[in-house]
């Protein structure tokens, strides 16, 4: 039943106590132009049945589309058992595991997740996740500033090949914390971070260097050279990695002579559906010597008085547990349900399964690129090795080509012009293990017809 906590008399008496004439007077600091005086722009409410019809219509618009757009969110096969188990009540409704004696199952699962992530990344320690890859990278930057006490500059080198959403998120979170982000250009031939541009900062006080692998263009960076450069310069390294790629590529813990200091990334490729953009989760791993500066939750394994194994939250550097001034972060969720799904996914797939999936993604993308570059007016933009995305240059306006492809239910890739004006005629395409040869052939045939039409029109 409805409950209104304050009567008109209650409100009047409270206003009298604080010396205000009205509720409106309490908010007189808000400019009039910002106040909403009418809700006329909000349409009338709909019934459940009417809403269901609208959502079905919208879902049907994408039902038959063949998608080759990725750029950070990837369509991978997820075994049916993953979400069948994840949505069981004991997982689906589990909350923050503060009471260890009542949360052993949740704590053990998170511990197993941490163990899997350290094995995948080649790092020493993992936390129990962050919001997403982009905010995880921002936390990694803040962590690097805390760890690298020898550096006084608070300057961080950010390759332009890093995902644009990551760059924007990091800037938003750290810009008001007196941290300077310095952009490093990429080589127009290779699509890799320009090592010559990096070299100009040698000998300078640089707090941290971010290393994307693969980068936003799908290109594999010279991670060993970048990691060694940072180590020689007393600069911390932060890897921003696709976790699936690490099933077949050298893990960040082995980059260069010493490995990276911090590794972050987006966990979505590990059993999380695309779901129109979320929810996802971020992961973070680091070297053992940096663990006390790691944000979020860390689960530890111990034994009880009887010598039986048990699990507990440990090293909690959050303001809920220690002085606010000493807290490393206000991160307050472990995206537990998503992490549960990823843990089950990795357990089912195993190392061999993840490697097979990553290999199939790479092979499919190579096959697709071969089909597309065989067409007139399509070429590779960069000549470097890639994982499962590739930048292609077209001889026709990309926006128009993508529109024409969509008319044939083909979503042909991600246009790069908005974020990279110098790549205005370029398209980022991807083929995961789910794309069949027939689907890729349909993309190639449709693109050939669209490009031919544009050539005739011009």
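With a 10 Å Cβ neighbour count serving as the proxy for reagent exposure, in which order, fewest first, do 403, 290, 408 appear? Numbers along the way, then the final one.
Details: 403 12, 290 19, 408 16.
By the 10 Å Cβ count, ascending: 403, 408, 290.
Go ahead and run the numbers for FRET between residue 37 and residue 409, Cβ-Cβ distance against an R0 of 45 Å, rounding to 0.05. All intermediate terms of the calculation are to be shown ahead of the outcome.
Working: r = 45 Å, r/R0 = 0.99.
The computed FRET efficiency comes out at 0.50.
Go ahead and estimate [θ] at 222 nm for the chain from helices alone: -39,500 (n - 2.57) per DSSP H run with n ≥ 4, summed, over the residue count, rounded to 500. Don't skip to the end; give the middle numbers.
Numbers: 13 runs with 169 residues, N = 458.
Calculated from helices alone, the mean residue ellipticity at 222 nm is -11500 deg cm²/dmol.
When only Cα pairs below 8 angstrom with a gap of at least 6 residues are kept, the range 54-160 shows a relative contact order of 10 percent. Our note on the geometry: Cα centres of the range 1-35 and the range 40-77, 40 Å apart. If r is the Cβ-Cβ distance from residue 197 to residue 276 and R0 is 30 Å, what FRET efficiency results, to the nearest 0.05? In this case the efficiency is close to 0.20. Ordered by the count of other Cβ atoms within 10 Å of each Cβ, fewest first, 283, 382 give 382, 283. Simple spin-label estimate for residue 54 and residue 449 gives 3.4 nm between the two label positions (7 Å along the Cα-to-Cβ direction from each Cα). Segment residue 224..residue 187, full-extension length gain: 11.6 nm, with 0.36 nm per residue of separation and the alpha-carbon distance subtracted. Between residue 93 and residue 232, full extension at 0.36 nm per residue minus the direct alpha carbon distance yields a gain of 45.2 nm.
Using only alpha carbon pairs under 8 Å that are at least six residues apart, calculate the relative contact order of the chain and give it in whole percent.
RCO, the chain: 19 percent.
Once the Cβ-Cβ distance of residue 102 and residue 456 is raised to the sixth power relative to R0 = 60 Å, the FRET efficiency obtained is 0.30.
The overall shape of the range 198-350, judged from the alpha-carbon gyration tensor, is oblate: a/c is not under 1.5, and a/b is no greater than b/c. Shown for 23, 4, 179: other C-beta atoms within 10 Å of each C-beta, ranked fewest to most, produce the order 4, 23, 179. The relative contact order of the range 80-346, computed from alpha carbon pairs under 8 Å that lie at least 6 residues apart in sequence, is 27 percent. Separation of the range 218-282 and the range 368-393, taken as the distance between their Cα centroids, equals 24 angstrom.
For Rg and Dmax of the Cα atoms in Å, the value computed from the atomic coordinates appears in the list (i) 21.4, 74; (ii) 25.5, 81; (iii) 25.2, 95 under label (ii).
Coordinate-derived values only; no laboratory data. Here the structure is a predicted model, which is why all the values come from computation and not from measurement. In this analysis, Cβ positions are derived from the backbone assuming ideal geometry, glycine residues included, and neighbour counts consider all displayed protein chains.
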